[in-house]
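A short worksheet on the structure shown next.
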Amino acid sequence: MRETAYWLINIACAIVILVLLGVHMGVMHLDAILARLVGTVPEPLAWENMVNRGKSTTQVVLYIVLLGTALFHGFYGLRTMLLEFFSSDRAARVITAGCVTAGGVLFVTGTAVTVVFALNGAG
Amino acid sequence: MAQLTFRIRRFQPGRGDTGWQDFSVESSPGMTILDGLHHIREHQDGSLAWRHSCRMGVCGSCGLIVNGEPRLACNTQVESLTGSRISLEPLWNFPVAKDLVPDLSSLFEKHSAVAPYLVRDDSEDDGSDGRELAQSPAELDQFLQFTSCIKCGVCMAACPTLASDPDFLGPMPLTAAYRYNADSRDSGFDARKTKLAGRHGMSHCHYAAECSRACPKGVDPARAIQLLKRDLVLDLLGVRRREPAPPVDGRAPRTRDGLQAPPFTVPSPPENPDE
Ligand code: SF4
Ligand code: FES
C-alpha cells in the first residue's frame with residue numbers, strides 16, 4: 001500500500017499548495033482588494049514588511065509547509081514520469097532513492113535558510 | 001456510392017512493419033469498416049489479416065485504429081468518417097501478430113492477474129444447498145455499468161500511460177478489478193489489493209480519460225479507476241466497508257444493505273396447450 005500512501009499524500013499536498021497559493025496571491029498581489037475588506041494592509045513589496053514577514057512565526061511555518069508540500073508534489077510527479085520509462089525494480093529503487101535524497105536536501109536547505117533568516121533577519 | 005481508399009498498415013510475421021498499402025473500395029449504405037475489409041480480402045488481397053467474430057459489437061475481437069482513433073471495425077460505419085481515405089492500423093500498445101491482428105496476450109494476462117471473478121471466504125456459494133447470494137438493485141447498480149466490458153482492448157490502445165509503461169495494468173483490467181471489488185457478493189479485495197496498489201496499478205493512472213472516450217460500450221473505465229482509487233485510499237485509512245453478503249436460503253434472502261429481496265422460486269414450465 002506504499003504507492004497508495006504516496007498518491008494520497010500527493011493529492012493532499014496539491015490541496016495544501018492551492019490553499020497556500022491563495023494566501024500568497026491575497027497577501028502579495030491582491031493587497032488593494034484586501035485593504036478594502038480589512039482596512040489598511042502593509043505594502044507587501046516594501047523591504048521592511050518583507051523582513052517582518054520573514055520573522056513572523058506563522059509565516060515561517062507557512063513557508064516551510066509550502067516548501068515541503070511543493071517538493072513532495074514535484075518530486076512525486078518527476079518520479080512517476082521517470083518510472084514510466086525505467087520500470088524495472090532496480091530502476092524504481094534508484095529513482096525513488098534519488099527523489100527522496102534530492103527532496104530531502106532541498107527541504108533541509110530551504111528550511112535552514114528560512115529559520116536562519118527568521119532568527120537573524122537579512123543581516 | 002463513393003469510392004473510398006482503405007489505407008492499411010501491413011505487418012508480416014518475422015518481417016515486422018512492411019508499410020502502408022492502399023485499396024480501393026466502393027462504399028454502400030450502412031457499410032462498416034469490417035465490411036470493407038471483407039470486400040478487400042474477397043476481391044483484392046486474400047492475405048490481408050484481421051480478427052473478428054460476431055459482427056455486432058459483442059465479441060470484442062475487431063478492435064483497430066481507424067483514422068488515428070481506436071474503435072471497433074464492426075461498429076464503425078464508413079459514412080460516419082470524414083474524407084474518402086480511411087487509414088487502418090492494428091491496436092496500439094500491443095505487439096502485432098499480422099496486419100491488423102494485435103497480440104492481446106498481455107491484456108488477458110493482466111486481466112487474470114486481478115482475479116476477475118467472485119472470490120469468497122466461504123465455500124457456500126455454489127447454490128448446491130439451496131442458498132443464494134442475494135443482491136439488491138442498489139447493490140447491483142454499484143458495478144452494473146462495468147459489466148458491459150467486452151474485453152476488446154480499445155481502451156488499452158487509447159491509454160497514454162500504457163504507451164510509456166507497458167507494465168501498467170491499464171484501463172480494462174483495472175475496471176474488471178473494480179467491478180468485482182464493488183460486488184456485494186465478493187470478498188476478494190485483499191487478494192487483488194497487492195496488484196492494484198502496486199507500482200503499475202491505479203496510482204499510475206494520470207486520468208487522461210482517453211479510455212472512456214474511446215470505449216465503444218460506454219463502460220467509462222476512467223470512472224472505475226477513480227472509484228478504485230477511492231476504495232484503496234479508504235482501505236489505507238482503515239475505513240472501507242468490506243464484509244461480503246452472506247449466503248441466504250431461498251425463502252428469505254437478505255442483502256448486505258439490508259433490503260429484502262423477493263423470494264426466489266424456480267418458475268414452472270408453461271403448460272402445453274395441446275394436452
Ligand atoms: S472498457 Fe470498453 S474499451 Fe475497454 S476493453 Fe472494455 S469494452 Fe473495450
Ligand atoms: S466483430 Fe465482434 S465486436 Fe466486432
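Under the rule a/c < 1.5 gives rounded, and otherwise a/b versus b/c splits prolate from oblate, where does the protein assembly as shown land using the Cα gyration tensor? In terms of gyration-tensor shape, oblate.
Rg/Rh for chain A stands at 1.09; both radii use Cα atoms, and Rh follows the Kirkwood definition. Spacing of the modelled spin labels on B:Gln21 and A:Leu21, each 7 Å from Cα toward Cβ, amounts to 5.2 nm. Summary of packing: across the peptides B:225-232, A:111-118, the per-residue average of other C-beta atoms within 10 Å ranks them, highest first, as B:225-232, A:111-118.
The amide H of B:Gly63, built 1.01 Å from its N in the peptide plane, has B:Ala73 as neighbours under 5 Å, considering only residues 5 or more places off or on other chains. Taking all protein chains together and a 1.4 Å probe, the residues B:Thr194, B:Thr76 rank B:Thr194, B:Thr76 from largest to smallest accessible area. Restricting segment B:1-70 to trypsin sites (Lys or Arg not before Pro) that sit in a DSSP loop and have at most 14 other Cβ atoms within 10 Å of their own Cβ leaves B:Arg15.
Charge tally around B:Cys152: other residues with Cβ under 11 Å, Lys/Arg +1 each, Asp/Glu -1 each, net +4.
Taken one residue at a time, the phi angles of segment B:204-216 give Karplus couplings (6.51, -1.76, 1.60, θ = phi - 60°) of 7, 6, 8, 6, 5, 6, 4, 4, 5, 5, 7, 4, x Hz. Gly and Pro are set to x. Applying 1/(1 + (r/R0)^6) with R0 = 25 Å to the Cβ-Cβ distance of B:Arg240 and B:Ser164 gives a FRET efficiency near 0.25.
Name the residue farthest towards the positive end of the dipole of the protein assembly as shown from the options B:Cys155, B:Leu237, B:Asn181, assuming +1 on Cβ of Lys and Arg, -1 on Cβ of Asp and Glu, about the Cα centre. Selected residue: B:Leu237. When each of the peptides B:165-173, A:102-110 is scored by how many other beta carbons lie within 10 Å of its residues on average, the order from highest to lowest is B:165-173, A:102-110. Straight-line cross-link reach from B:Lys229 at under 16 Å between alpha-carbon atoms covers these lysines, not counting any fewer than eight positions away in the same chain: B:Lys193, B:Lys195.
The charge dipole of segment B:3-102, taken about the Cα centre with unit charges on the Cβ atoms of Lys, Arg (+1) and Asp, Glu (-1), comes to about 260 debye, rounded to the nearest 20. Give me the percent relative contact order of segment B:163-212, please, defined on Cα pairs under 8 angstrom at least 6 residues apart. Answer for segment B:163-212 is 42 percent. Treating r as the C-beta distance of B:Glu69 and A:Leu78 and R0 as 45 Å, the FRET efficiency rounds to 0.90. Close amide H contacts of B:Leu4 (hydrogens built in the peptide plane, cut-off under 5 Å, sequence separation of 5 or more or a different chain): B:Val25, B:Glu26, B:Ser27. For B:Cys152, no residue has an amide H sitting under 5 Å from its own, ignoring neighbours fewer than 5 places away on the same chain, with H placed 1.01 Å from N. Got a sec? Which residues in segment B:30-46 would a label at B:Glu79 touch, if it sits 7 Å along Cα→Cβ and we count backbone N under 14 Å? From segment B:30-46, the list is B:30-33. Each residue, B:Glu42 and A:Asn49, gets one label point 7 Å from its Cα in the Cβ direction; the gap between the two is 8.0 nm. Unpaired cysteine residues in the protein assembly as shown (no second Cys Cβ under 4.7 Å): A:Cys13, A:Cys99, B:Cys62, B:Cys74, B:Cys149, B:Cys152, B:Cys159, B:Cys205, B:Cys215. With each label modelled as a point 7 angstrom along the Cα→C-beta vector, the A:Ile33-A:Ala97 pair spans 4.8 nm.
Among the residues of B:194-203, the average count of other protein chain beta-carbon atoms within 10 Å of the residue beta-carbon is 4.
3J(HN,Hα) along segment B:186-195: 9, 10, x, 3, 5, 5, 8, 4, 4, 5 Hz, from the Karplus curve 6.51 cos²θ - 1.76 cosθ + 1.60 with θ = phi - 60°, whole Hz, x for Gly and Pro. Surface analysis of the protein assembly as shown yields an accessible area of 53 Å² per residue, using protein heavy atoms and a 1.4 Å probe. When only the Cβ of Lys, Arg, Asp and Glu is charged (+1, +1, -1, -1), the dipole of segment A:2-120 relative to its Cα centre reaches about 200 debye.
The values are calculated or read from the model by the stated rules, or taken from the named source; none is laboratory data. Here the structure is a predicted model, which means the values were calculated and not measured. Glycine also receives a Cβ, built like all others from the backbone with ideal geometry; neighbour counts cover every protein chain displayed. Each accessible area value is taken on the protein alone, full model and side chains, heavy atoms only, with ligands, DNA and RNA left out. Shrake-Rupley method; radii C 1.70, N 1.55, O 1.52, S 1.80 Å.
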